[in-house]
Amino acid sequence: QLELLTTALQASATRAWRAEPLLAAAPAAEKRTSLEVCNPADRRDRVGTVVEANAADVDAAMAAAAEGARRWSRVSAPERAAVLERAADALESQMPSLLGLIVREAGKTCANSVGEVREAVDFLRYYAAQARAELVESDHAPLGPVVCISPWNFPLAIFTGQVAAALAAGNSVLAKP
């Protein structure tokens with residue numbers, strides 16, 4: 001297992017990561033700002049690039065989230081739970097790659113990175129179970145679009161928990177990692 005992890009971490013270290021807005025509609029023509037992301041433990045290590053959303057992107061995302069909220073709120077709680085469980089499976093299958101990114105981007109140790117991914121998976125499974133147990137025959141009304149912003153110190157786990165809770169409750173989500 002350690003050999004496999006070593007290989008995955010080394011491969012992750014050579015990958016040029018790029019984070020940019022994922023929008024439901026075509027991106028706005030306005031210019032976007034790109035920033036270099038460096039490993040806080042070794043500033044010489046360039047992790048990748050982040051492209052920030054511009055005002056037009058945000059407006060388009062808000063409109064898409066409002067439209068998506070109408071559709072997502074009609075999806076049954078068991079179906080929403082199944083989506084969250086598939087996301088948990090996907091995170092688990094990508095754990096080695098995620099560990100390398102978390103170590104380099106957040107400056108966490110390998111052990112803390114494993115905990116971060118496991119906690120994110122736990123959040124997804126927990127909120128899936130809550131949706132099945134609490135929302136199947138309830139009069140719960142979703143809020144509509146919810147904005148989730150990741151904290152710097154738990155960029156995957158707490159962020160995933162916020163997103164999972166909102167989705168489980170039938171809300172659409174605007175996510176700002």
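The values are calculated or read from the model by the stated rules, or taken from the named source; none is laboratory data. Bear in mind the structure is a predicted one, so any value in this text is a computation, not a measurement. Because the Cβ atoms are built from the backbone with ideal geometry, glycine has one as well, and the counts that use them run over all protein chains shown. In case anyone asks, the SASA skips ligands and DNA or RNA and just uses the protein heavy atoms, side chains included. Shrake-Rupley method; radii C 1.70, N 1.55, O 1.52, S 1.80 Å.
Applying the condition of being in contact with a helix residue (DSSP H, G or I) (Cβ under 7 Å, 6 or more places away or on another chain) and of a type in the set (Ser, Thr, Tyr) to the stretch 127-165 and asking which residue is surrounded by the fewest Cβ atoms within 10 Å (Cβ to Cβ) yields Ser150.
Of the residues Glu3, Glu85, the single one that is within 27 Å of Glu119 (Cβ to Cβ), free of Cβ contacts under 8 Å to residues at least 24 places away in the same chain and either touching a strand residue (DSSP E or B) at 6+ places or on another chain (Cβ under 8 Å) or part of a helix (DSSP H, G or I) (or both) is Glu3. Of the residues making up the stretch 15-51, those that are of a type outside the set (A, V, I, L, M), farther than 21 Å from Leu98 by Cα and free of Cβ contacts under 8 Å to residues at least 24 places away in the same chain are Lys31, Thr33, Ser34.
The single condition among (1) touching a strand residue (DSSP E or B) at 6+ places or on another chain (Cβ under 7 Å); (2) closer than 22 Å to Arg15 by Cβ; (3) without any contact (Cβ under 8 Å) to a residue 40 or more places away in the chain that Leu101 does not meet is (3).
When Ala106, Ala16, Ala111, Ala24 are screened for being buried (at least 16 other Cβ atoms within 10 Å of the Cβ) and not acidic (Asp, Glu), only Ala106 passes. Residues in the stretch 31-81 that are in contact with a Cys (Cβ under 7 Å, 6 or more places away or on another chain) and surrounded by fewer than 16 Cβ atoms within 10 Å (Cβ to Cβ): 2 in all.
For the stretch 88-103, enumerate the residues that are open to solvent by 40 Å² or more (accessible area, probe 1.4 Å), among the small types (Gly, Ala, Ser) and either touching a Leu at 6+ places or on another chain (Cβ under 6 Å) or at pLDDT 95 or above (or both). Selection gives Ala90 alone. For the stretch 92-139, a residue qualifies if it is outside any helix (DSSP H, G or I) and of a type in the set (D, E, K, R), and the qualifying residues are Lys108, Glu137, Asp139.
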